[in-house]
Amino acid sequence: MTDNANSMWGGRFAAGPDAIMEAINASIGFDRRLAAQDIEGSRAHAAMLASTGIIEPSDAEAIREGLLTVLSEIETGTFQFSTALEDIHMNVEARLKDLIGEPAGRLHTGRSRNDQVALDFRMWVRDQCDAAIVGIEALQKALLVQAEAGADWVMPGFTHLQTAQPVTWGHHMMAYVEMLGRDASRFADARARMNESPLGAAALAGTSFPIDREMTATALGFDRPAANSLDAVADRDFALEFLSASTICAMHLSRFAEELVIWSSAQFRFVTMSDRFSTGSSIMPQKKNPDAAELVRAKIGRIMGATVGLFTVMKGLPLTYSKDMQEDKEQVFDAADSLMLALAAMEGMVGDITANVDPLRAAAASGFSTATDLADWLVREAGLPFRDAHHVTGRLVALAEAEGCDLPDLTLDQMKSAHGAITSSVFDVLGVDNSVASRTSYGGTAPDQVRAQIKRWKERLA
């Protein structure tokens, strides 16, 4: 029988279906990460049971002390996890019984593993929202340092990866500060929505014991208990929101990482990456590869994959709990790890990159980047409708291209050949410094505007 079972189920398992069932059913291999939250929730539950007279205060005290011992064993690495006990909840409870005996059996009064795991996971994700915000703000501060240093360094602004108009290095850095600010707000919003305690929903219908859900919610830092016991155990919106916010944040990091890869290339030479975040080639000694940026760029694949994966798990589940929901945690754990690593790596890279000011400036002046300034001048000074000014500017760009020069290098006579109203004052707007200095509208690239935004963000992050 055993040989047949092994033949049927494969050599991975020592026995037949029993071993396979244990392997597919057990979650302790990954949900041990919820140990601290599980023990904190159990301590709050035990205190509430004693306060409401459901268990004796002496039993609650024994449970409290025993749980602290279990937590210490887990933190010091001496705790023996068992796959046969399936999950973190049963592992903790079994060890608690070893330590304190009969009172351990009273801990589960008025609750179920369904509301217990919903509580543990929600608390863990809540902590990860806090951690993500801390990581985002650290990266924003690194970007602010770069922005302040280069508030008036001129560089090309791109559309379609084609030179469009001159901007400043500081302005470009501040664009990512704004993106990351929205990311932090998404995590904060998600945290506020998830801050309802499912503890006390029990298996799905609540409990007949006279529990005090407000007490446990307050003790665990929740704003309120969840209002519907069915929803409390079935809900994984909090994890989906965390993953969605993580995916958007990772997308922003990936866009910046892509720019660093491009900018550090020999063809651009806009930035020099530090040795700490670069690697060499095993065969080409001249190479300095931006591997850290490339890996940050790739992390969105894992995070977005986790998001799609959990949506797929949840989309067809009837209320309330199904074992499918055990597949929620590994994906969220991996996504959270990937996001925090990407944020830390990007913070390190931003802190270490050197902007190469001369190549940035030279690139800013290329590609007729001040053509829009010329068109704007024609509207302001010569009174042309913008569409006509656009046409005149296009003729001058074509002339400069034919002459093999840039717009500021054309003579006044050549300018006048396109429109007689052009005067020598047009040259005041054609240099890249003049161009960026003129963009004084709110949120524009003028150095004074950039410094104002830096000040605003410094105050916000103080």
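The values are calculated or read from the model by the stated rules, or taken from the named source; none is laboratory data. Quick caveat, the model's predicted, so the values are computed rather than measured. Virtual Cβ from ideal backbone geometry, glycine too; neighbours counted across all protein chains shown. What goes into the accessible areas is simple: the full protein's heavy atoms, side chains included, and nothing from ligands, DNA or RNA. Shrake-Rupley method; radii C 1.70, N 1.55, O 1.52, S 1.80 Å.
Filter the stretch 54-76 for residues that are open to solvent by less than 60 Å² (accessible area, probe 1.4 Å) and assigned to a loop (DSSP other than H, G, I, E, B); which is farthest from Leu107 (Cα to Cα)? So the residue we want is Ile54. In this structure, Thr109 does satisfy being touching a Leu at 6+ places or on another chain (Cβ under 7 Å) and either open to solvent by 60 Å² or more (accessible area, probe 1.4 Å) or over 30 Å from Leu407 (Cβ atoms) (or both).
Scanning the stretch 136-152 for residues that are touching a Leu at 6+ places or on another chain (Cβ under 8 Å) and crowded, with 23+ Cβ neighbours inside 10 Å yields a total of 4. For the stretch 320-346, residues that are within 19 Å of Leu119 (Cα to Cα) and not charged (D, E, K, R) total 9.
Is it the case, given these coordinates, that Val436 is at pLDDT 90 or above and under 15 Å from Ser369 (Cα atoms)? Yes.
Given the condition surrounded by fewer than 20 Cβ atoms within 10 Å (Cβ to Cβ), within 30 Å of Tyr176 (Cβ to Cβ) and of a type in the set (Phe, Trp, Tyr), answer yes or no: does some residue in the stretch 427-439 qualify? No; the residues of the stretch 427-439 include none that is surrounded by fewer than 20 Cβ atoms within 10 Å (Cβ to Cβ), within 30 Å of Tyr176 (Cβ to Cβ) and of a type in the set (Phe, Trp, Tyr). Within the stretch 93-123, being under 27 Å from Leu240 (Cβ atoms) and out of contact with any Phe, Trp or Tyr (no Cβ under 7 Å at 6 or more places or on another chain) holds for Arg111, Ser112, Arg113, Asp115, Gln116, Val117, Ala118, Leu119, Asp120, Phe121, Met123.
Table: residues versus (1) assigned to a helix (DSSP H, G or I); (2) among the aromatic types (Phe, Trp, Tyr); (3) at pLDDT below 95; (4) out of contact with any strand residue (DSSP E or B) (no Cβ under 6 Å at 6 or more places or on another chain).
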| residue | (1), (2), (3), (4) |
| --- | --- |
| Ala184 | yes, no, no, yes |
| Asp189 | yes, no, no, yes |
| Thr207 | no, no, no, yes |
| Ala217 | yes, no, no, no |
| Gly221 | no, no, no, yes |
| Val233 | yes, no, no, yes |
| Phe238 | yes, yes, no, yes |
| His252 | yes, no, no, yes |
